[in-house]
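In what follows, a structure is listed as structure tokens, so that the remarks can point back to it.
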Amino acid sequence: MSSKIVQNFKGFGVLVLGVIFLASCATSEKVKSSSKSNGKNGPKSKNGLKPYSEVITDKAKTDKGLFDVHKIESDYFYEIPDSLLSREMLLVSRIAETQNEIGYGGEKLNTQVVRWQKKDDKILLRHVTYENVASDSLPVYEAVQNSNFEPIIASFDVRSLGEDSTGVVIDVTDLYAKDVPSLGLQSSRREQYRVRRLDTDRSFIEHIHSYPQNIEARNWMTYEASEPPSSASTGTISLEINHSMVLLPKEKMDARSYDNRVGYFSVQQTDYGTNAHKAKKKQFVTRYKLVPKDKEAYLNGELVEPVEPIVYYIDPATPKKWRSHLKEGVEMWQEAFEAAGFKNAIIAKDPPSEEENPEWSPEDVRYSVIRYFASDIRNAYGPHVHDPRTGQILESDIGWYHNVMSLLRNWYFVQTAAANPDARSVHFKDEVMGDLIRFVSAHEVGHTLGLPHNWGSSYAFAVDSLRSPSFTSTHGTAPSIMDYARFNYIAQPGDGVESFGPDIGAYDKWSVKWGYSWFPEDMSKEEKEAKLNEWTRKRADDPVYFYGRQSGSKIDPRSQNEDLGNDAMKASELGIANLKRITANLVEWTKQDGEDFAELDELYGSVFNQWGRYMGHVTKNIGGVYENHKTYNQDGPVYEFVSEEKQQRAMDFLIDYGFHTPEWALNSDVLDRINQSTVVDNMRDAQVDVLNEVTDPQRIARLIEFDARSSEDTYDAFEMMDDLRHGIWSELDDNDAIDVYRRNLQRAYIERMEYLMTEELPSIPDAFKEFIGWTDVDVSQSDIRPIVRNQLDLLLADIQNTKRRVRDRATRVHLNDVEVRIENILNPND
């Protein structure tokens, strides 16, 4: 669930992949028949290869599946049928376990399509790319193939023909025991940690298991490194990596084209076979393949069960008291699939017993599983494995860490405790925690269905509506459970609100309808896309169906995580009112007889972090641009500037609640119990974060852009910088003493102005420009530096005019220091 989010994962752009516990093979091991030869110097067969019985000896332990996997002592052999040579497979490598500060369990290292190919007496493992494509019926297909020669990852000698002579046997030990770059630590981390080499004496194959549609290999990799991120004295990086090799479907699913007005994870290709005058970018959404059992009834508008429903199993390691809540989270999506015309399309099941299915394993790609990890990581994530050719989701293993409950506790406490008695404790009742688990389960399942975060969804609801008991009981906190609209921090004591969390909403039902509705086979691609476009246009002007892209947009204030309501200033003001109430009661609500104050310390930190979130929500409105993706048959602009009035309100809010010291947070009752010896520095750091975000050069550049392009009054860069200066240096107007918190903030202001005067922004890689919603800013050639110089000149004059009248010693010394600093910035060579 991490926004970090996120992608990766089996199939994301992101999001992350599942940590998999060691599990028994899908089939029991069996011993091969004995060979009379010692397997070393026996006679060659007629084709020059050793007989099968001399390679796969009586010492072999065999696991049957996609390939037969044979283990002889510490060596592993694949017996690859001829029918699977040249078949495309998805190879996903991810961290299973790692030492401290090297990623986290479940993090994807690499995803690639591979094929096993025979060439003479060798078997090649080749990397297949689908970045550039063309129909194989077109002349240009050959040119595309010639430009996409498949790199060879590894080469293996054929040791023998298969047992029935219809396949080949190869020794794959070195593939997992030696350093194969695309199966190990990424090059970026190798450079970061100054990795010298893989130490093969400290690297091992843990196991290789075979299932009907996938091979699961797990190995321990130990690298020699000059600068490991932890345990530096060892000069070592060790991690356990899991490699999933999944057979891709022979029959490709009908791909559904991506639409940036509806949120889906996607795969991209460049198609050279279209009639366009240039290669065309193609993008397909990721989704499961759902086909109605009764197609005629489906087309008549009846709810119909799919031929193959989506099934999620609960990990046997899951504590029993939480299993029902995890399953409820899965099946909450049934109502969304009903919008797409399916009933019982998604089902949750307990794992089968040994008697019911002795071959069942969570590592088998045929089974999607909510994996439960006894880990102190505070996270959950919902990846999926998909076919990169079409976007078809093949399976998913949701990762659920035990300590996600601690994260949920903190969120629910700091966001709702002021108005919610159920949250006023460090230990929630099981039914309360169960509801929170159900919410997170549903959210992560949404990711596995192909749905990214919709960070713009919560903007659809008016702030006042979230204070209404009737509204919140039927609508939750946002139209989409895929938003990061956690819990209702807007509701105030006395409002009577009892429902504080999100639910499957109108947007979720719409997005599943758009992605999963089935169309008949004889319907053309153009007809399908026209129908989907018609559905989207009908909803285009309704904020309930707005999609705010998963990454968030740096320029659109609607598209943010952790926010609620359509007015960030009003919502955040109410949120801060609740934080004040919580802080005042924090000691009482965290009280535990016989315990120390660790929980108090943690929750105080969460309160302060929540204050920081409110500052971020408001800041996005300054220099903000509304981004409404449209097609040519939709009226109106795609990009609109945030109004002058709203931007001014945002700056006023930041001055009042961000730059004026939040005295309520400096609660001595709390601080005296948690050894907050660095509270002055912590306050400075928090306020400096706000200051730096407000004065982001790209934000200032957008204000300059707005002023140049708009025919109406705008909140321009001069006004914003004037307001900022007056807000941070307001004591100069009143000849007031400046306290230590404000002195720190003011010095940070001077340093920020110096940064803007002297530093150039690094160039933004093209791949990230769309992600952040803006492009490069040339600070030295823009109006930014003249504006900053003007601010420093004005401030210097104010300080010189004021300091003579100041009696407070600390203030006078501070202003003298600031004066020197400003003069050094303005005249560095004097």
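In the stretch 277-291, of all residues being within 11 Å of Asp254 (Cβ to Cβ) and modelled with pLDDT of 95 or more, the one that is surrounded by the most Cβ atoms within 10 Å (Cβ to Cβ) corresponds to Arg287.
Given the condition of a type in the set (Asp, Glu) and under 23 Å from Leu125 (Cβ atoms), answer yes or no: does some residue in the stretch 217-239 qualify? Within the stretch 217-239, none of the residues are of a type in the set (Asp, Glu) and under 23 Å from Leu125 (Cβ atoms).
Residue-wise test of (1) under 23 Å from the mean Cα position of the chain (by Cα); (2) at positive phi; (3) surrounded by 15 or more Cβ atoms within 10 Å (Cβ to Cβ).
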position	(1), (2), (3)
Gly605	no, no, yes
Phe608	no, no, yes
Thr619	yes, no, yes
Asn628	yes, no, yes
Gln634	no, no, yes
Val638	no, no, no
Phe641	no, no, yes
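Taking each residue of the stretch 359-381 that is under 14 Å from Gly399 (Cα atoms) and looking for partners that are aliphatic (A, V, I, L, M) and in a loop (DSSP other than H, G, I, E, B) with beta-carbon atoms closer than 6 Å, six or more apart or interchain, yields Pro362/Ala23; Glu363/Ile20; Glu363/Ala23; Tyr372/Ala317; Phe373/Val19; Ala380/Met1. Screening Thr678 against (1) buried (at least 17 other Cβ atoms within 10 Å of the Cβ); (2) under 22 Å from Arg743 (Cβ atoms) leaves a single unmet condition, (1).
Considering only the stretch 264-274, I want to know if a residue exists there that is at pLDDT 90 or above, under 30 Å from Tyr545 (Cβ atoms) and not in a strand (DSSP E or B). Within the stretch 264-274, one or more residues are at pLDDT 90 or above, under 30 Å from Tyr545 (Cβ atoms) and not in a strand (DSSP E or B).
Taking the stated definitions as given, is Asp376 more than 17 Å from the chain's Cα centre (by Cα), surrounded by fewer than 24 Cβ atoms within 10 Å (Cβ to Cβ), outside the structural domain of Leu579 (by TED's automatic domain parsing) and not in a loop (DSSP other than H, G, I, E, B)? So Asp376 fails the test.
Applying the condition of being among the polar types (S, T, N, Q) and surrounded by 15 or more Cβ atoms within 10 Å (Cβ to Cβ) to the stretch 791-820 and asking which residue is modelled with the lowest pLDDT yields Thr802. The residues of the stretch 612-640 that are of a type in the set (A, V, I, L, M, F, W, C), under 19 Å from Leu724 (Cβ atoms) and not in a loop (DSSP other than H, G, I, E, B), listed by number, are Met615, Val618.
Would a scan of the stretch 578-588 turn up a residue that is over 21 Å from the mean Cα position of the chain (by Cα), part of a loop (DSSP other than H, G, I, E, B) and of a type in the set (Lys, Arg)? Within the stretch 578-588, none of the residues are over 21 Å from the mean Cα position of the chain (by Cα), part of a loop (DSSP other than H, G, I, E, B) and of a type in the set (Lys, Arg).
May I ask you to verify whether Ile241 is in contact with a helix residue (DSSP H, G or I) (Cβ under 8 Å, 6 or more places away or on another chain) and either buried (at least 22 other Cβ atoms within 10 Å of the Cβ) or modelled with pLDDT under 90 (or both)? For Ile241, the condition - in contact with a helix residue (DSSP H, G or I) (Cβ under 8 Å, 6 or more places away or on another chain) and either buried (at least 22 other Cβ atoms within 10 Å of the Cβ) or modelled with pLDDT under 90 (or both) - is met. Examine the stretch 566-573 for a residue that is modelled with pLDDT of 95 or more, surrounded by fewer than 18 Cβ atoms within 10 Å (Cβ to Cβ), in the same structural domain as His726 (by TED's automatic domain parsing) and in contact with a Leu (Cβ under 9 Å, 6 or more places away or on another chain), and state whether such a residue exists. No, because not a single residue in the stretch 566-573 is modelled with pLDDT of 95 or more, surrounded by fewer than 18 Cβ atoms within 10 Å (Cβ to Cβ), in the same structural domain as His726 (by TED's automatic domain parsing) and in contact with a Leu (Cβ under 9 Å, 6 or more places away or on another chain).
The values are calculated or read from the model by the stated rules, or taken from the named source; none is laboratory data. Only a predicted model underlies this, so the values are computations on that prediction, with no experimental measurement involved. Here Cβ is always computed from backbone atoms with ideal geometry, including for glycine, and neighbour counts include all displayed protein chains.
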